[in-house]
Amino acid sequence: MARVYVITGPSGVGKGTLIKLLLERIPELELSVSATTRPPRPGEQDGKSYHFLTPQQFARAAAAGDFVEHAEYSGRRYGTLRSELEKRTADGHPVVLEIELQGARQVAAALPDAIRIFIAPPSLEALRTRLIGRGTDPPEQIERRLAVAEQELAAAGEFSRVVVNDDLDRAIDELEACVRATLDG
Ligand code: ADP
Ligand code: 5GP
């Protein structure tokens, strides 16, 4: 089976930004499109950013065993569809999953060969500044995400690979090196 990379880290740390650059640098990598019950943000397209499901659709898929992992985050459900992962790995493409901590733990159990990478912020204050600066979440969502972030940061030690996203150019170089070092076996 092709490599699976799990990229985890608190909301606003820069996972999306880093993954976009990583996919440009390593074109054979493919990003698995997750399912979620949260509403789309402006500009997000169904089937590209996420598969946007109703809570009923999500619950049905979970009951049918359609998810490799799924979790609740900030009052919404998120999950990796088995079909998303399998169609890519079947073609031999290494796949990136961008998921939160509980999902990353489930993947560690389900796919022990997956490479799990934690993206950490330089500080909680930097995280707050980035979440506010991104301008996509209302203030109460930002506070909820920061509260979860404290718990997530406490779990960074579960990951053998941690990349601190301080300076973006430096962090993407480190992430790319980490992925390239494990691409072939
Ligand atoms: P995530 O996907 O982890 O929620 P994003 O990739 O959306 O995070 O990044 C959150 C915000 O932080 C964005 O506005 C992004 O441009 C900014 N950002 C990302 N990396 C850095 C960095 N190294 N330094 C400063 N700002 C950054
Ligand atoms: P957002 O709402 O900002 O897009 O994502 C919120 C959180 O959900 C982020 O930490 C993101 O990594 C995580 N997430 C996105 N897709 C999945 C998924 O398929 N499974 C899990 N467990 N978490 C996900």
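The values are calculated or read from the model by the stated rules, or taken from the named source; none is laboratory data. This one's a predicted model, so the numbers in the text were calculated from it and none came from an experiment. Counting neighbours? That spans all protein chains shown, and the Cβs are built from the backbone with ideal geometry, glycine included. Remember, those area values only see protein heavy atoms, side chains included, never the ligands or the DNA or RNA. Shrake-Rupley method; radii C 1.70, N 1.55, O 1.52, S 1.80 Å.
Here are the numbers:
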item	result
Estimated FRET transfer efficiency when R0 is 30 angstrom, pair E72-D173 (beta carbons, to 0.05)	0.30
Simple label model, 7 Å out from Cα along Cβ direction - I26 to Q56, nm	4.1 nm
Cα-centre dipole for region 11-159 with unit charges at Cβ (Lys and Arg positive, Asp and Glu negative), debye to 20	280 debye
The chain - percent of accessible surface contributed by carbon and sulfur, probe 1.4 Å	51 percent
Candidates P42, P55, P122, ranked by Gaussian network fluctuation over the chain, Cα under 10 Å, top entry	P42
Backbone N within region 160-185 under 12 Å of label point (7 Å from T129 Cα along the Cβ vector)	166-167
Length-normalised contact order of region 47-185 in % [C-alpha pairs under 8 Å, at least 6 apart]	19 percent
Spin-label model distance (nm) - H93 vs V148, 7 Å beyond Cα toward Cβ	2.6 nm
Given charges at Cβ of Lys, Arg, Asp, Glu: region 1-143 dipole, positive-most of T17, L85, V96	T17
Solvent-accessible area per residue, Å², over region 1-135 with all protein chains present [probe radius 1.4 Å]	47 Å²
Shape box of region 46-184 [Cα atoms, principal axes, largest first, Å]	41, 40, 26
